[in-house]
Amino acid sequence: MLQLSGILGVVVVALGMVLTPGPNMIYLVSRSITQGRRAGIVSLGGVAVGFMIYLIAANLGLSVIFIAVPELYAAIKLAGAAYLLWLAWKALKPGGVSVFTPEDVPHDSPRRLFMMGLMTNLLNPKIAVMYLSLIPQFVNPKSGHVLFQGLALGTIQIVVSIGVNFVIVLGAGAIAVFLTRRPSWLKAQRYMMGTVLGALAVTLALDTSGPA
């Protein structure tokens, strides 16, 4: 049975990471602006499949890890908190560049767009860290069905991430123009995301509960 705190935690993590500029967002925005919304949506399909591959791979061994090596729980928690702090710093540090100023890219076929979206996601280190270090922290072994919890929470993350990226793909052109004319809004978005990620990192690091 999923706990509300776990669901909310995953939603916050998913929102914080999907709204933090990274390879996926940069690629999707670039494709949407230079080749159109359809290209962005096809690319997003590849990104979605990449999420599912990571989700299945990570959760197949999740229950075994919790049961056989419970000492890893604290290490995973600290690793996840450290990574969130790093993302917070990237969002808050001065001199950040807007993700909505993409480089020009050549037009490609739908198949190539899909595969590039897939590979962009699979080769994105922050996605690997999210499934291996962040989402498992919201799984409560006391509630039983650890594998189900991991798959369900991962599915929530995928829905949030794909939903946000879909909106970004549809509005990439308009958002780019809007933020170019209002740089203060971009700075406010960076500060807000950095603060949320930092607060979540501190909460996870100070959490003294164990895996069982």
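The residues in segment 142-169 that are open to solvent by 10 Å² or more (accessible area, probe 1.4 Å) and part of a helix (DSSP H, G or I) can be counted, and the count is 18. Of all the listed residues (Met52, Met17), the sole one being closer than 23 Å to Gly144 by Cα, touching a helix residue (DSSP H, G or I) at 6+ places or on another chain (Cβ under 8 Å) and assigned to a helix (DSSP H, G or I) is Met52. Residue pairs whose Cβ atoms lie under 7 Å apart, sitting 6 or more positions apart in sequence or on different chains, and linking a residue in segment 195-212 that is over 17 Å from Met17 (Cβ atoms) to a partner that is at pLDDT 65 or above and open to solvent by 60 Å² or more (accessible area, probe 1.4 Å), are Ala205/Leu78; Ala212/Lys142.
The values are calculated or read from the model by the stated rules, or taken from the named source; none is laboratory data. As the structure is a prediction and not an experimental result, all values here were calculated from the model. Reconstructed Cβ throughout: ideal geometry from the backbone, glycine too, with neighbour counts over all protein chains shown. Note: accessible area is taken over every heavy atom of the protein model, side chains too, but ligands, DNA and RNA are not part of it. Shrake-Rupley method; radii C 1.70, N 1.55, O 1.52, S 1.80 Å.
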